[in-house]
């Protein structure tokens, strides 16, 4: 992401160069995926047909969220929209974001309760704007380079137009914007460039959008229009922010929307037109199902300040995180949270796929000793990063002394089954 200057923004906004952020009127965002991915077709929403694979066999869906004021306490989504964003789903990948956002990330599906006022507050993502690949509409496609068969393929370049960029919908009740997809939503028509490079083995999705009215005029190839809150004419980040700042200053807003917008009161939109002032980005991506399902998306990737198997958000995957796996098994094994109902060292999660738990690091819908693998070989009992005779001796001593660490299979008992489980892990290295 960078401040951007296009040579002729009204003709080709994607050809240009980076610019000094303090003086730029446009910004550019490039999102690169390994391999070949294509634009998503419609998912049967808002009156469109269900045809997600209309443009190829690998449609990419998801959301890249931008924090343009570097403030976690402004911005976010509400209701069902919040449930398909990063903080509600990063736990599926055995990850917890670093810093204050980590407290707002759902550790399990049980944390996604639809109640804005309960923890974790996954609705309060700090996101002010989002790149949206949702399959919510049928886009308009212009093929720049390709064979014209309607499928996005290797080394093709397409321009795809639709409502792919939006201000956070959680701001809606503070907004007077009009001519978006609904009153109060600031989601202008924008154009994305999908470009595949077979030599690099990647597909890049690019967006160029206006930071201020000057940039909006450049992209329209017309004189500068004043800020008027009309999403259908010249639009820009400064206009979208001025709208919600006016809403915050005017008051009369209550509930979750006020929580998300109130810190904009008395602020100016102009510092946020300098992209060097922007804060974190988070992302959640995947693919749609091939048939219409109650769940729209199958998530595959995240983007954020995170590390796999870091369960406590301290930027390390270590023994402290491993202890959280063990604690979860001891707390829930054989309870109503365990769908097999047995005290057997395994917590089996109900409702596979829909459900998740951050401590299920291997994603097999069971929390057990195998979820400790990210922290080192299971047979490395003395934690010296080597599986050798010293581990066997250390385990044997702990087992004979009935030390808690000798409960190798996590069934809350120290017996011959632990010895067998350890021996299998030790032999396997």
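Here, each number is a calculation from the coordinates, and none is a lab measurement. What you see is a predicted model, and the numbers here were worked out from it, not measured in a lab. Here the Cβ positions follow ideal geometry from the backbone for every residue, glycine too, while neighbour counts run over all protein chains shown.
Rounded if a/c is under 1.5, else prolate if a/b beats b/c, else oblate: with a ≥ b ≥ c from the C-alpha gyration tensor eigenvalues square-rooted, which is the chain?
prolate
Give the angle, between 0 and 90 degrees and rounded to the nearest 10, that separates the Cα long axis of helix 319-332 from the longest principal axis of the Cα atoms of the chain.
80 degrees
If each of residue 415 and residue 246 carries a label point 7 Å out from its Cα toward its Cβ, how far apart are those two points in nm?
In this crude label model, residue 415 to residue 246 measures out at 7.2 nm.
Using Cα atoms only, what is the angle between the long axis of helix 237-250 and the major principal axis of the chain, expressed in degrees (0 to 90) to the nearest 10?
The two axes meet at around 80 degrees.
Listed highest first by mean packing, meaning other Cβ atoms within 10 Å per residue, what order do 309-319, 164-174 come in?
So the peptides 309-319, 164-174, ranked by packing, come out 164-174, 309-319.
For residue 384 paired with residue 32, estimate the spin-label separation in nm (one decimal), with each label point 7 Å from Cα along the Cα-to-Cβ line.
4.3 nm
So for the chain: antiparallel DSSP bridges make up what percent, rounded to the nearest 5?
Antiparallel bridges make up about 95 percent of those DSSP assigns within the chain.
Starting with the highest mean, order 354-360, 377-383, 26-32, 5-11 by the number of other Cβ atoms within 10 Å, averaged over the residues of each peptide.
Values: 354-360: 21.4, 377-383: 18.3, 26-32: 19.9, 5-11: 15.3.
In descending order of packing, they fall as 354-360, 26-32, 377-383, 5-11.
Multiply the residue separation of residue 254 and residue 320 by 0.36 nm, subtract the distance between their alpha-carbon atoms, and state the gained length in nm to one decimal.
Details: separation 66, 0.36 × 66 = 23.76 nm, distance 4.07 nm.
This chain segment gains 19.7 nm when fully extended.
Dividing the convex hull volume of the Cα atoms of the range 203-355 by its residue count, what figure in Å³ per residue is obtained?
Taking the convex hull of the Cα positions in the range 203-355, it is 239 Å³ per residue.
Using only DSSP helix segments of four residues or longer, with each worth -39500 (n - 2.57), what per-residue ellipticity at 222 nm results for the chain after dividing by its residue count and rounding to 500? Let's see the in-between values first.
Numbers: 8 runs with 75 residues, N = 429.
Dividing the helical sum by the residues of the chain leaves -5000 deg cm²/dmol.
Using 0.36 nm per residue of separation minus the Cα-Cα distance, give me the extension gain between residue 179 and residue 73 in nm, one decimal.
Taking 0.36 nm per residue and subtracting the Cα distance, the gain is 35.4 nm.
Report, to the nearest 10°, how far helix 416-427 tilts away from the longest principal axis of the Cα atoms in the chain, using its own Cα long axis and a range of 0 to 90°.
Tilt relative to the chain: about 60 degrees.
Hey, with R₀ at 41 Å, roughly what FRET efficiency would residue 222 and residue 198 work out to, going by the Cβ-Cβ distance, to 0.05?
0.60
Label residue 140 and residue 289 with points 7 Å out from Cα along Cα→Cβ: what is the distance between them in nm?
It works out to 3.3 nm between the two label points.
Once a ≥ b ≥ c are taken as the square roots of the eigenvalues of the Cα gyration tensor of the range 1-160, is the result rounded (a/c under 1.5), prolate (a/b larger than b/c) or oblate (a/b not larger than b/c)?
Working: a/c = 2.30, a/b = 1.34, b/c = 1.72.
Oblate, because a/c is 1.5 or more while a/b does not exceed b/c.
Using a/c under 1.5 as the rounded threshold, could you call the range 279-380 rounded, prolate or oblate? The axes a ≥ b ≥ c are square roots of the C-alpha gyration tensor eigenvalues, and prolate needs a/b larger than b/c, oblate otherwise.
It comes out oblate by the Cα gyration axes.
Suppose R0 equals 41 Å; then what is the FRET efficiency for residue 423 and residue 340 from their Cβ-Cβ distance, rounded to the nearest 0.05?
For R0 = 41 Å, the calculated efficiency reads 0.95.
Ordered by packing density, taken as the mean number of other Cβ atoms within 10 Å over each peptide's residues, highest first, how do 273-279, 366-372 rank?
366-372, 273-279
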